[in-house]
Amino acid sequence: MSEKMFLQIACCFSLLLLHNGGASTTEIQWYRTAQNTTDRISPQPSLQFGGDFPSDVTITIDRSSSYQTILGFGGAFTESAAYVFSKLNSSLQSQVLQMYFSEDGLRYNMARLPIGSTDFSLTTYSYDDIAGDINLTAFSIDHDLALIIPFIQRANATLMSWSKDTLSIVASPWSPPWWMKEIESPYCLLSCVLCQLKDEYQQAWALYFSKFIASYAAEGITIWGVTVQDEPGACPTRYEGMHFDAQSEANFVKHYLGPQLSRDHPAVKIIVYDYNKNDVVEWAQTIYSDKSAAPYVWGIAVHWYSGDDFPNLNTTHNLFPNKPILATEATEVRETDPANPSWSKGEHYAHDIIGDMNNWVVGFIDWNLILDMNGAPNHAGPDECEGVIKCGSDGMLLADTDNQIIYPQVFYYYVGHISKFVPRGSVRISSSVEGSALECIAFLTPESEVVVVAMNTGDSPITFKLLDIVAGQPEAVKVTALPHSIQTFVYT
(Lines give C-alpha, C1' and ligand atoms only; values in the text may rest on other atoms or scores of the structure.)
Protein backbone atom coordinates (compact mmCIF):
# COMPACT_ATOMS: atom_id res chain seq x y z
CA MET A 1 0.00 0.00 0.00
CA SER A 2 1.36 3.39 -1.00
CA GLU A 3 1.87 6.11 1.62
CA LYS A 4 -0.67 8.27 -0.23
CA MET A 5 -3.36 5.55 -0.14
CA PHE A 6 -2.67 4.89 3.57
CA LEU A 7 -3.11 8.56 4.41
CA GLN A 8 -6.40 8.68 2.44
CA ILE A 9 -7.77 5.66 4.33
CA ALA A 10 -6.66 7.07 7.69
CA CYS A 11 -8.28 10.40 6.90
CA CYS A 12 -11.59 8.74 5.94
CA PHE A 13 -11.53 6.61 9.08
CA SER A 14 -10.94 9.70 11.23
CA LEU A 15 -13.86 11.48 9.59
CA LEU A 16 -16.06 8.43 10.21
CA LEU A 17 -15.14 8.43 13.91
CA LEU A 18 -15.88 12.13 14.12
CA HIS A 19 -19.25 11.69 12.40
CA ASN A 20 -20.25 8.88 14.75
CA GLY A 21 -19.17 10.70 17.92
CA GLY A 22 -16.11 8.48 18.28
CA ALA A 23 -15.85 4.77 18.84
CA SER A 24 -16.25 3.70 22.47
CA THR A 25 -14.67 0.73 24.15
CA THR A 26 -16.93 1.01 27.21
CA GLU A 27 -18.59 -2.33 27.90
CA ILE A 28 -21.93 -2.50 29.70
CA GLN A 29 -22.88 -5.42 31.90
CA TRP A 30 -26.60 -5.70 32.39
CA TYR A 31 -29.15 -7.85 34.19
CA ARG A 32 -32.86 -8.38 33.70
CA THR A 33 -35.97 -9.63 35.45
CA ALA A 34 -39.03 -9.95 33.21
CA GLN A 35 -42.51 -11.39 33.41
CA ASN A 36 -43.20 -14.51 31.31
CA THR A 37 -39.48 -15.30 31.14
CA THR A 38 -37.05 -17.15 33.36
CA ASP A 39 -34.95 -14.00 33.84
CA ARG A 40 -34.50 -13.20 37.54
CA ILE A 41 -31.65 -10.70 37.94
CA SER A 42 -30.17 -12.71 35.09
CA PRO A 43 -27.03 -11.52 33.26
CA GLN A 44 -27.57 -10.64 29.61
CA PRO A 45 -25.04 -10.51 26.74
CA SER A 46 -22.85 -7.47 27.32
CA LEU A 47 -23.43 -4.28 25.37
CA GLN A 48 -21.02 -1.64 24.15
CA PHE A 49 -21.47 2.08 23.88
CA GLY A 50 -21.16 3.67 20.46
CA GLY A 51 -21.79 7.07 18.99
CA ASP A 52 -25.01 9.00 19.48
CA PHE A 53 -28.06 8.32 17.29
CA PRO A 54 -31.69 9.48 17.02
CA SER A 55 -34.24 7.77 19.28
CA ASP A 56 -37.85 8.35 20.26
CA VAL A 57 -37.12 7.26 23.83
CA THR A 58 -33.97 8.25 25.70
CA ILE A 59 -32.60 7.74 29.19
CA THR A 60 -29.93 10.38 29.76
CA ILE A 61 -27.28 10.05 32.47
CA ASP A 62 -25.40 13.11 33.70
CA ARG A 63 -22.57 12.32 36.09
CA SER A 64 -21.84 16.01 36.66
CA SER A 65 -24.99 16.38 38.81
CA SER A 66 -24.86 14.43 42.06
CA TYR A 67 -27.21 14.22 45.03
CA GLN A 68 -27.47 12.17 48.24
CA THR A 69 -25.17 9.41 49.44
CA ILE A 70 -26.83 6.01 49.88
CA LEU A 71 -26.66 4.16 53.21
CA GLY A 72 -28.07 0.84 52.06
CA PHE A 73 -30.94 -1.63 52.02
CA GLY A 74 -32.36 -4.22 54.37
CA GLY A 75 -35.30 -5.93 56.08
CA ALA A 76 -36.70 -6.46 59.56
CA PHE A 77 -35.67 -9.02 62.17
CA THR A 78 -39.11 -9.45 63.69
CA GLU A 79 -39.81 -12.32 66.05
CA SER A 80 -42.12 -13.79 63.43
CA ALA A 81 -39.32 -13.79 60.85
CA ALA A 82 -36.90 -15.31 63.34
CA TYR A 83 -39.45 -17.99 64.28
CA VAL A 84 -40.03 -19.03 60.65
CA PHE A 85 -36.27 -19.01 60.04
CA SER A 86 -35.81 -21.33 63.03
CA LYS A 87 -38.27 -23.84 61.52
CA LEU A 88 -36.14 -24.30 58.40
CA ASN A 89 -33.52 -27.01 58.09
CA SER A 90 -29.87 -25.97 58.21
CA SER A 91 -29.51 -25.97 54.43
CA LEU A 92 -32.47 -23.63 53.92
CA GLN A 93 -31.34 -21.39 56.76
CA SER A 94 -28.01 -21.00 54.99
CA GLN A 95 -29.86 -20.31 51.75
CA VAL A 96 -31.90 -17.52 53.35
CA LEU A 97 -28.77 -15.90 54.77
CA GLN A 98 -27.04 -16.15 51.39
CA MET A 99 -30.05 -14.77 49.54
CA TYR A 100 -30.10 -11.63 51.65
CA PHE A 101 -26.65 -10.92 53.04
CA SER A 102 -24.06 -12.55 50.77
CA GLU A 103 -22.16 -11.14 47.82
CA ASP A 104 -24.25 -13.36 45.53
CA GLY A 105 -27.50 -12.28 47.17
CA LEU A 106 -29.15 -8.91 47.73
CA ARG A 107 -26.15 -7.62 49.72
CA TYR A 108 -28.32 -6.23 52.52
CA ASN A 109 -26.36 -4.05 54.92
CA MET A 110 -29.17 -2.49 56.95
CA ALA A 111 -31.92 -3.89 59.17
CA ARG A 112 -34.79 -2.93 61.41
CA LEU A 113 -35.21 -4.44 64.85
CA PRO A 114 -38.27 -4.06 67.09
CA ILE A 115 -37.69 -3.01 70.70
CA GLY A 116 -40.14 -5.43 72.29
CA SER A 117 -43.16 -7.05 70.71
CA THR A 118 -45.07 -6.00 67.60
CA ASP A 119 -47.99 -7.42 65.67
CA PHE A 120 -45.39 -9.73 64.08
CA SER A 121 -44.42 -11.40 67.35
CA LEU A 122 -45.57 -14.70 68.76
CA THR A 123 -46.89 -13.01 71.93
CA THR A 124 -47.01 -9.62 73.57
CA TYR A 125 -43.94 -9.02 75.72
CA SER A 126 -41.65 -6.33 77.11
CA TYR A 127 -38.21 -6.36 78.73
CA ASP A 128 -39.46 -5.21 82.14
CA ASP A 129 -42.96 -6.09 83.35
CA ILE A 130 -42.39 -4.97 86.95
CA ALA A 131 -44.76 -2.05 87.52
CA GLY A 132 -43.05 1.06 88.86
CA ASP A 133 -39.51 -0.22 88.22
CA ILE A 134 -38.25 3.22 87.24
CA ASN A 135 -34.61 2.20 87.49
CA LEU A 136 -35.31 -0.87 85.33
CA THR A 137 -33.52 -3.22 87.67
CA ALA A 138 -35.51 -6.11 86.18
CA PHE A 139 -34.70 -5.17 82.56
CA SER A 140 -33.66 -8.20 80.47
CA ILE A 141 -33.54 -9.09 76.78
CA ASP A 142 -33.59 -12.81 77.59
CA HIS A 143 -36.72 -13.15 75.47
CA ASP A 144 -34.70 -12.30 72.34
CA LEU A 145 -31.91 -14.78 73.02
CA ALA A 146 -33.84 -17.76 71.69
CA LEU A 147 -34.70 -16.61 68.17
CA ILE A 148 -33.98 -12.98 67.25
CA ILE A 149 -30.39 -12.55 68.40
CA PRO A 150 -29.03 -15.76 66.79
CA PHE A 151 -30.68 -14.76 63.50
CA ILE A 152 -29.01 -11.34 63.58
CA GLN A 153 -25.65 -12.78 64.55
CA ARG A 154 -25.68 -15.20 61.63
CA ALA A 155 -26.79 -12.47 59.22
CA ASN A 156 -23.96 -10.22 60.37
CA ALA A 157 -21.47 -13.05 60.02
CA THR A 158 -22.67 -13.69 56.46
CA LEU A 159 -22.27 -10.03 55.53
CA MET A 160 -18.84 -9.79 57.14
CA SER A 161 -17.63 -12.97 55.42
CA TRP A 162 -17.26 -11.08 52.14
CA SER A 163 -17.47 -7.41 53.10
CA LYS A 164 -15.83 -5.01 55.53
CA ASP A 165 -19.35 -3.75 56.28
CA THR A 166 -21.60 -4.64 59.21
CA LEU A 167 -25.35 -4.33 59.55
CA SER A 168 -26.61 -0.85 60.35
CA ILE A 169 -29.53 -1.74 62.62
CA VAL A 170 -32.37 0.67 63.28
CA ALA A 171 -34.26 -0.29 66.45
CA SER A 172 -37.88 0.81 66.87
CA PRO A 173 -40.37 0.46 69.74
CA TRP A 174 -44.05 -0.27 69.22
CA SER A 175 -45.01 0.11 72.88
CA PRO A 176 -43.31 0.56 76.25
CA PRO A 177 -44.21 -1.81 79.08
CA TRP A 178 -47.91 -1.57 79.92
CA TRP A 179 -47.28 0.17 83.25
CA MET A 180 -45.60 3.16 81.62
CA LYS A 181 -48.71 4.11 79.61
CA GLU A 182 -51.81 6.01 80.65
CA ILE A 183 -54.07 3.23 79.41
CA GLU A 184 -51.93 0.55 81.14
CA SER A 185 -52.01 -1.72 78.09
CA PRO A 186 -49.51 -2.33 75.29
CA TYR A 187 -52.41 -1.86 72.86
CA CYS A 188 -54.24 1.41 72.14
CA LEU A 189 -57.60 0.05 73.26
CA LEU A 190 -59.40 3.40 72.88
CA SER A 191 -57.46 4.42 69.78
CA CYS A 192 -55.23 7.40 70.61
CA VAL A 193 -57.09 8.29 73.83
CA LEU A 194 -54.79 7.62 76.81
CA CYS A 195 -52.38 5.65 74.57
CA GLN A 196 -49.47 7.77 75.63
CA LEU A 197 -46.57 7.76 78.03
CA LYS A 198 -47.23 8.71 81.65
CA ASP A 199 -45.30 11.86 82.54
CA GLU A 200 -43.66 10.20 85.54
CA TYR A 201 -42.16 7.46 83.34
CA GLN A 202 -40.63 9.51 80.52
CA GLN A 203 -37.15 9.25 82.03
CA ALA A 204 -37.60 5.52 82.62
CA TRP A 205 -38.62 5.08 79.00
CA ALA A 206 -35.50 6.90 77.81
CA LEU A 207 -33.42 4.66 80.07
CA TYR A 208 -35.18 1.63 78.52
CA PHE A 209 -33.72 2.59 75.11
CA SER A 210 -30.27 2.89 76.62
CA LYS A 211 -30.44 -0.47 78.36
CA PHE A 212 -31.68 -2.12 75.17
CA ILE A 213 -28.72 -0.75 73.19
CA ALA A 214 -26.26 -1.83 75.89
CA SER A 215 -27.79 -5.29 76.22
CA TYR A 216 -27.56 -5.93 72.48
CA ALA A 217 -23.99 -4.67 72.45
CA ALA A 218 -23.19 -7.29 75.09
CA GLU A 219 -24.35 -9.89 72.54
CA GLY A 220 -22.03 -8.48 69.89
CA ILE A 221 -24.79 -6.56 68.06
CA THR A 222 -24.35 -2.83 67.48
CA ILE A 223 -27.45 -0.66 67.26
CA TRP A 224 -26.77 2.01 64.62
CA GLY A 225 -29.87 4.10 65.27
CA VAL A 226 -33.27 4.21 66.96
CA THR A 227 -36.58 5.65 65.92
CA VAL A 228 -38.52 7.27 68.75
CA GLN A 229 -41.77 5.45 67.99
CA ASP A 230 -43.13 3.23 65.24
CA GLU A 231 -46.13 4.86 63.56
CA PRO A 232 -46.88 7.37 66.33
CA GLY A 233 -50.21 8.34 64.80
CA ALA A 234 -51.58 4.84 64.13
CA CYS A 235 -52.82 4.02 67.66
CA PRO A 236 -53.62 0.35 66.85
CA THR A 237 -56.35 -1.26 68.93
CA ARG A 238 -55.33 -4.90 68.25
CA TYR A 239 -51.58 -4.79 68.61
CA GLU A 240 -48.84 -2.78 70.28
CA GLY A 241 -48.63 0.97 69.81
CA MET A 242 -48.23 4.37 71.43
CA HIS A 243 -49.24 7.87 70.44
CA PHE A 244 -47.08 10.93 69.95
CA ASP A 245 -47.82 14.07 68.00
CA ALA A 246 -44.90 15.97 66.54
CA GLN A 247 -44.48 18.35 69.46
CA SER A 248 -44.78 15.70 72.17
CA GLU A 249 -42.17 13.62 70.33
CA ALA A 250 -39.89 16.67 70.15
CA ASN A 251 -40.40 17.21 73.88
CA PHE A 252 -39.50 13.59 74.69
CA VAL A 253 -36.37 13.83 72.54
CA LYS A 254 -35.07 17.10 73.95
CA HIS A 255 -35.82 16.44 77.62
CA TYR A 256 -35.25 12.70 77.92
CA LEU A 257 -34.15 10.50 75.02
CA GLY A 258 -31.62 12.91 73.52
CA PRO A 259 -29.75 13.62 76.77
CA GLN A 260 -29.86 9.92 77.79
CA LEU A 261 -28.38 8.59 74.56
CA SER A 262 -25.96 11.48 74.26
CA ARG A 263 -24.49 10.42 77.59
CA ASP A 264 -24.67 6.64 77.20
CA HIS A 265 -24.46 5.97 73.46
CA PRO A 266 -23.38 9.11 71.60
CA ALA A 267 -22.79 7.25 68.31
CA VAL A 268 -26.41 6.04 68.09
CA LYS A 269 -28.59 8.06 65.74
CA ILE A 270 -32.01 9.32 66.86
CA ILE A 271 -34.56 9.23 64.05
CA VAL A 272 -38.00 10.84 64.35
CA TYR A 273 -41.48 10.24 62.93
CA ASP A 274 -41.27 6.71 61.41
CA TYR A 275 -44.67 6.88 59.73
CA ASN A 276 -46.32 7.65 56.41
CA LYS A 277 -44.97 10.15 53.90
CA ASN A 278 -48.18 12.20 53.79
CA ASP A 279 -47.36 14.07 57.03
CA VAL A 280 -43.56 14.06 56.88
CA VAL A 281 -43.27 17.78 56.08
CA GLU A 282 -45.37 18.82 59.09
CA TRP A 283 -43.42 16.58 61.46
CA ALA A 284 -40.08 17.75 60.12
CA GLN A 285 -41.06 21.39 60.47
CA THR A 286 -42.25 20.94 64.04
CA ILE A 287 -39.31 18.91 65.34
CA TYR A 288 -36.49 20.57 63.41
CA SER A 289 -37.82 24.02 64.32
CA ASP A 290 -37.46 23.13 67.99
CA LYS A 291 -33.93 24.37 68.61
CA SER A 292 -33.52 22.18 71.69
CA ALA A 293 -34.74 18.96 70.03
CA ALA A 294 -33.22 19.28 66.55
CA PRO A 295 -29.54 18.90 67.53
CA TYR A 296 -30.24 15.45 68.95
CA VAL A 297 -31.97 14.26 65.75
CA TRP A 298 -30.05 12.63 62.91
CA GLY A 299 -32.97 12.43 60.47
CA ILE A 300 -36.53 11.39 59.76
CA ALA A 301 -38.02 7.98 58.84
CA VAL A 302 -40.95 7.28 56.53
CA HIS A 303 -43.29 4.43 55.55
CA TRP A 304 -45.12 4.01 52.26
CA TYR A 305 -48.71 3.24 53.30
CA SER A 306 -50.19 6.66 52.43
CA GLY A 307 -49.11 6.37 48.80
CA ASP A 308 -46.22 7.77 46.77
CA ASP A 309 -46.13 11.30 48.26
CA PHE A 310 -42.75 11.82 46.59
CA PRO A 311 -43.07 15.65 46.48
CA ASN A 312 -43.29 15.65 50.28
CA LEU A 313 -39.85 14.04 50.46
CA ASN A 314 -38.40 16.66 48.15
CA THR A 315 -39.99 19.44 50.17
CA THR A 316 -38.66 18.00 53.42
CA HIS A 317 -35.15 17.79 52.01
CA ASN A 318 -35.27 21.32 50.62
CA LEU A 319 -36.39 22.68 53.99
CA PHE A 320 -33.83 20.69 55.97
CA PRO A 321 -31.07 19.55 53.58
CA ASN A 322 -28.75 18.38 56.37
CA LYS A 323 -31.28 15.95 57.87
CA PRO A 324 -31.39 12.61 55.97
CA ILE A 325 -34.61 10.79 55.10
CA LEU A 326 -34.71 7.02 55.57
CA ALA A 327 -37.47 4.63 54.41
CA THR A 328 -37.96 2.15 57.26
CA GLU A 329 -41.01 0.05 56.41
CA ALA A 330 -42.98 -1.29 53.46
CA THR A 331 -45.01 -4.41 52.93
CA GLU A 332 -47.73 -5.83 50.71
CA VAL A 333 -51.00 -7.56 51.51
CA ARG A 334 -50.78 -11.27 52.10
CA GLU A 335 -49.96 -13.38 49.03
CA THR A 336 -52.62 -16.07 48.51
CA ASP A 337 -50.52 -18.11 46.06
CA PRO A 338 -46.84 -17.85 47.05
CA ALA A 339 -45.76 -20.24 44.28
CA ASN A 340 -47.32 -17.95 41.65
CA PRO A 341 -47.07 -14.48 43.17
CA SER A 342 -48.43 -11.20 41.92
CA TRP A 343 -46.02 -9.48 39.53
CA SER A 344 -47.34 -6.00 40.32
CA LYS A 345 -45.93 -6.17 43.85
CA GLY A 346 -42.42 -6.21 42.44
CA GLU A 347 -43.20 -3.18 40.32
CA HIS A 348 -44.69 -1.42 43.34
CA TYR A 349 -41.51 -1.93 45.36
CA ALA A 350 -39.20 -0.73 42.59
CA HIS A 351 -41.48 2.23 41.84
CA ASP A 352 -41.37 3.26 45.48
CA ILE A 353 -37.59 2.92 45.85
CA ILE A 354 -36.94 4.74 42.57
CA GLY A 355 -39.37 7.51 43.53
CA ASP A 356 -38.07 7.76 47.09
CA MET A 357 -34.42 7.88 46.11
CA ASN A 358 -35.04 10.31 43.27
CA ASN A 359 -36.39 12.53 46.06
CA TRP A 360 -33.49 12.30 48.52
CA VAL A 361 -34.18 9.13 50.53
CA VAL A 362 -30.86 7.56 51.60
CA GLY A 363 -31.90 3.96 52.30
CA PHE A 364 -34.74 1.46 52.18
CA ILE A 365 -35.66 -1.15 54.81
CA ASP A 366 -38.39 -3.67 54.08
CA TRP A 367 -40.60 -5.30 56.74
CA ASN A 368 -40.39 -9.03 57.68
CA LEU A 369 -37.41 -10.82 56.14
CA ILE A 370 -39.31 -14.11 55.94
CA LEU A 371 -42.80 -15.36 56.83
CA ASP A 372 -44.75 -18.58 56.46
CA MET A 373 -47.23 -19.42 53.72
CA ASN A 374 -49.96 -17.45 55.52
CA GLY A 375 -47.84 -14.34 55.86
CA ALA A 376 -47.61 -15.18 59.54
CA PRO A 377 -47.28 -15.69 62.47
CA ASN A 378 -49.06 -12.52 63.50
CA HIS A 379 -50.84 -12.25 66.85
CA ALA A 380 -52.99 -9.31 65.80
CA GLY A 381 -55.13 -10.46 62.90
CA PRO A 382 -56.65 -9.31 60.59
CA ASP A 383 -59.90 -11.13 61.31
CA GLU A 384 -60.84 -12.03 57.75
CA CYS A 385 -58.20 -14.74 57.50
CA GLU A 386 -57.98 -18.28 58.86
CA GLY A 387 -57.83 -17.32 62.52
CA VAL A 388 -55.72 -14.50 63.88
CA ILE A 389 -52.50 -16.50 64.28
CA LYS A 390 -52.55 -17.59 60.64
CA CYS A 391 -52.78 -14.29 58.85
CA GLY A 392 -50.41 -11.45 58.25
CA SER A 393 -48.88 -9.79 55.22
CA ASP A 394 -46.48 -10.57 52.42
CA GLY A 395 -42.75 -11.12 52.70
CA MET A 396 -39.94 -11.24 50.17
CA LEU A 397 -39.40 -14.86 51.14
CA LEU A 398 -42.30 -17.11 52.11
CA ALA A 399 -41.55 -20.52 53.58
CA ASP A 400 -43.48 -23.76 53.53
CA THR A 401 -42.03 -25.08 56.77
CA ASP A 402 -43.90 -28.39 56.49
CA ASN A 403 -42.35 -29.27 53.14
CA GLN A 404 -39.19 -27.19 53.60
CA ILE A 405 -39.56 -25.01 50.51
CA ILE A 406 -38.75 -21.31 50.14
CA TYR A 407 -40.73 -19.19 47.68
CA PRO A 408 -39.03 -15.91 46.68
CA GLN A 409 -41.64 -13.34 45.80
CA VAL A 410 -41.34 -11.07 42.78
CA PHE A 411 -40.32 -8.06 44.83
CA TYR A 412 -37.26 -9.95 46.07
CA TYR A 413 -35.87 -9.69 42.55
CA TYR A 414 -37.07 -6.16 41.87
CA VAL A 415 -35.45 -4.82 45.04
CA GLY A 416 -32.34 -6.83 44.21
CA HIS A 417 -31.97 -4.92 40.95
CA ILE A 418 -31.09 -1.93 43.12
CA SER A 419 -29.69 -3.24 46.41
CA LYS A 420 -27.31 -5.73 44.81
CA PHE A 421 -25.61 -3.10 42.66
CA VAL A 422 -25.73 0.03 44.84
CA PRO A 423 -23.37 -0.39 47.80
CA ARG A 424 -23.14 1.89 50.78
CA GLY A 425 -21.44 5.12 49.80
CA SER A 426 -22.89 5.24 46.30
CA VAL A 427 -24.12 8.66 45.19
CA ARG A 428 -27.24 9.30 43.16
CA ILE A 429 -26.51 11.06 39.88
CA SER A 430 -28.81 12.75 37.41
CA SER A 431 -31.01 10.58 35.20
CA SER A 432 -33.98 11.52 33.04
CA VAL A 433 -36.41 9.84 30.66
CA GLU A 434 -37.77 11.40 27.48
CA GLY A 435 -40.48 9.90 25.29
CA SER A 436 -41.96 7.15 27.47
CA ALA A 437 -43.21 6.08 30.89
CA LEU A 438 -40.03 4.18 31.74
CA GLU A 439 -38.94 4.73 35.33
CA CYS A 440 -35.25 5.11 36.02
CA ILE A 441 -32.59 6.06 38.55
CA ALA A 442 -28.79 6.19 38.41
CA PHE A 443 -25.91 6.03 40.88
CA LEU A 444 -22.13 6.33 40.94
CA THR A 445 -20.59 3.71 43.21
CA PRO A 446 -17.47 4.14 45.37
CA GLU A 447 -15.65 2.05 42.72
CA SER A 448 -16.64 4.68 40.08
CA GLU A 449 -19.10 2.37 38.36
CA VAL A 450 -22.27 3.86 36.94
CA VAL A 451 -25.41 1.89 37.85
CA VAL A 452 -28.61 2.60 35.92
CA VAL A 453 -31.93 0.96 36.78
CA ALA A 454 -34.78 1.15 34.26
CA MET A 455 -38.26 -0.33 34.70
CA ASN A 456 -41.02 -0.91 32.16
CA THR A 457 -44.40 -1.47 33.83
CA GLY A 458 -46.32 -1.49 30.56
CA ASP A 459 -47.72 -4.33 28.46
CA SER A 460 -45.51 -3.59 25.42
CA PRO A 461 -41.74 -3.63 24.92
CA ILE A 462 -39.97 -0.26 24.89
CA THR A 463 -36.85 0.29 22.82
CA PHE A 464 -34.77 3.15 24.15
CA LYS A 465 -31.41 4.83 23.92
CA LEU A 466 -29.20 4.84 27.00
CA LEU A 467 -27.14 8.03 26.67
CA ASP A 468 -24.22 9.01 28.88
CA ILE A 469 -22.15 12.10 28.18
CA VAL A 470 -18.59 11.66 29.41
CA ALA A 471 -16.17 14.61 29.18
CA GLY A 472 -18.49 16.24 26.65
CA GLN A 473 -18.56 13.14 24.46
CA PRO A 474 -21.93 11.37 24.01
CA GLU A 475 -21.95 7.60 24.29
CA ALA A 476 -25.13 5.71 23.45
CA VAL A 477 -26.51 2.21 23.13
CA LYS A 478 -29.87 0.83 22.03
CA VAL A 479 -31.75 -1.44 24.46
CA THR A 480 -35.20 -3.00 24.56
CA ALA A 481 -37.04 -3.30 27.86
CA LEU A 482 -39.47 -6.22 27.72
CA PRO A 483 -43.04 -5.79 29.02
CA HIS A 484 -43.17 -5.76 32.83
CA SER A 485 -39.42 -5.85 33.25
CA ILE A 486 -36.66 -4.21 35.22
CA GLN A 487 -33.04 -4.01 34.11
CA THR A 488 -29.81 -2.86 35.73
CA PHE A 489 -26.87 -1.57 33.68
CA VAL A 490 -23.35 -1.36 35.12
CA TYR A 491 -20.41 0.35 33.40
CA THR A 492 -17.46 2.63 34.06
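The values are calculated or read from the model by the stated rules, or taken from the named source; none is laboratory data. Source: prediction; values computed, not measured. Counting neighbours? That spans all protein chains shown, and the Cβs are built from the backbone with ideal geometry, glycine included. The protein model used for the area step is the full one, side chains on, heavy atoms only, and it has no ligands, DNA or RNA in it. Shrake-Rupley method; radii C 1.70, N 1.55, O 1.52, S 1.80 Å.
Observations, loosely collected:
- Mean-position separation - Cα centroids, segment 277-342 and segment 345-377, in angstrom: 13 Å
- Too-long pairs where the Cα-Cα distance tops 31 Å, listed order kept, from LYS277/LYS465; LYS291/LYS345; LYS269/LYS465; LYS420/LYS478: LYS277/LYS465; LYS291/LYS345; LYS269/LYS465
- Counting only residues at least eight positions apart within a chain, or on another chain, the aspartates and glutamates with an alpha carbon under 13 Å from that of LYS181 are ASP129, ASP199, GLU200, GLU240.
- Each of LEU97, SER163, ALA138 was placed along the dipole of segment 95-175 (beta-carbon charges, centred on the mean Cα), and the one lying farthest toward the positive end is SER163.
- Answer label for Cα extents along the principal axes in Å (calculated), chosen among [x] 100, 56, 38; [y] 117, 61, 55; [z] 75, 64, 39: [x]
- Cα-centred dipole magnitude for segment 236-286, charges only on beta-carbon of K, R (+1) and D, E (-1), debye, nearest 20: 160 debye
- The residues GLU27, GLU329, GLU219, sorted by heavy-atom accessible surface at 1.4 Å with ligands and nucleic acids left out, run GLU27, GLU219, GLU329 from largest to smallest.
- The chain - mean residue ellipticity at 222 nm from DSSP helices (-39,500 (n - 2.57) per run, n ≥ 4, rounded to 500): -8000 deg cm²/dmol
- Looking at the chain alone, DSSP beta bridges between its own residues are antiparallel in about 55 percent of cases.
- The listed residues THR33, THR457, once ranked by accessible area (1.4 Å probe) with the largest placed first, stand as THR457, THR33.
- Dmax and Rg, reported as Rg then Dmax, of segment 207-273 (C-alpha, Å): 12.8, 36
- Linear extension gain, ASN322 paired with GLU27, 0.36 nm per residue minus alpha-carbon span: 102.5 nm
- Looking at segment 278-387, the trypsin sites (Lys or Arg not before Pro) that sit in a DSSP loop and have at most 10 other Cβ atoms within 10 Å of their own Cβ are LYS291.
- Loop-located GluC sites (Glu not before Pro) across segment 403-471 with a Cβ neighbour count of 10 or fewer within 10 Å are GLU447, with loop assigned by DSSP.
- Computed label-point distance, nm, for sites LYS164 and ASP104 using a 7 Å Cα→Cβ extension: 2.5 nm
- Taking all protein chains as shown and a probe of 1.4 angstrom, CYS440 keeps an accessible surface of around 10 Å².
- Solvent-accessible area per residue in the chain equals 39 Å², computed with a 1.4 angstrom probe and all protein chains kept.
- Cut-off 20 Å (backbone N to label point 7 Å along Cα→Cβ of GLU184), residues of segment 193-222: 193-205
- Once the chain from ASP142 to THR37 is taken as fully extended at 0.36 nm per residue, the excess over their C-alpha distance is 33.1 nm.
- Ranking of GLU184, GLU231, GLU200 by solvent-accessible surface, largest first: GLU200, GLU184, GLU231 (1.4 Å probe, protein heavy atoms only, all chains present).
- Mean Kyte hydropathy of 0.5 or more with a Cα span along the axis of at least 20 Å, helices from DSSP in the chain: 3-19
- Charge dipole magnitude, Cβ of K and R +1, D and E -1 - segment 300-383, Cα centre, debye nearest 20: 320 debye
- Label reach from ALA218 (point 7 Å along Cα→C-beta): in segment 114-143, amide nitrogens under 11 Å belong to 138-142.
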